[in-house]
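To start, the structure under review is shown below, and the notes come after it.
Coordinate-derived values only; no laboratory data. These numbers come from a predicted model, not from an experiment. Heads up, the Cβs are rebuilt from the backbone with ideal geometry, glycines too, and the neighbour counts pull from every protein chain shown.
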Amino acid sequence: MSEAISQYIKEMKLSVGLNTQRIFAAWDAVSGAARFTIGKYYKDGVLYCTISSSVMRNQLYFQLATVLEMLNETLKRDNLYDGDKGYVKSIVLR
């Protein structure tokens, strides 16, 4: 069944939008900053996140490498994420 869903997503070319939503969901789960994140944008392997709290933004800045690694690990375990399109290469905090 999961293979049929994956094939349907690829044939209907839904993977780009679905991947973006899966990245946003992974950010919320991994970063611990979901309630402080007021904007997210993903393009060309870069995740841009607008954080409302300067304290949270500074904490995330110092943990950025760990958050990036955990984010990509979460995406690798996600059956709906199409890894052929690539993973998050970097995160920019605003």
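Output the residue which, of all residues in the range 45-68 that are of a type in the set (Phe, Trp, Tyr) and part of a helix (DSSP H, G or I), is surrounded by the fewest Cβ atoms within 10 Å (Cβ to Cβ).
My answer is Phe62.
Being closer than 26 Å to Glu3 by Cα, of a type outside the set (A, V, I, L, M) and out of contact with any helix residue (DSSP H, G or I) (no Cβ under 7 Å at 6 or more places or on another chain) narrows it down to one of Gly39, Gly45, so name that one.
Going through Gly39, Gly45 in turn, the sole match is Gly45.
Given the criteria in contact with a Lys or Arg (Cβ under 9 Å, 6 or more places away or on another chain) and basic (Lys, Arg), does Arg94 qualify?
The answer is yes for Arg94.
What do you reckon, is Tyr41 in contact with a Phe, Trp or Tyr (Cβ under 7 Å, 6 or more places away or on another chain), without any contact (Cβ under 8 Å) to a residue 12 or more places away in the chain and more than 11 Å from Leu93 (Cβ to Cβ)?
Yes.
Of all residues in the range 1-44 being among the aliphatic types (A, V, I, L, M), surrounded by fewer than 17 Cβ atoms within 10 Å (Cβ to Cβ) and in a loop (DSSP other than H, G, I, E, B), which is farthest from the chain's Cα centre (by Cα)?
Within the range 1-44, the match that is farthest from the chain's Cα centre (by Cα) is Met1.
Across the range 69-82, which residue is farthest from Glu3 (Cα to Cα) among those that are surrounded by fewer than 17 Cβ atoms within 10 Å (Cβ to Cβ) and hydrophobic (A, V, I, L, M, F, W, C)?
Met70
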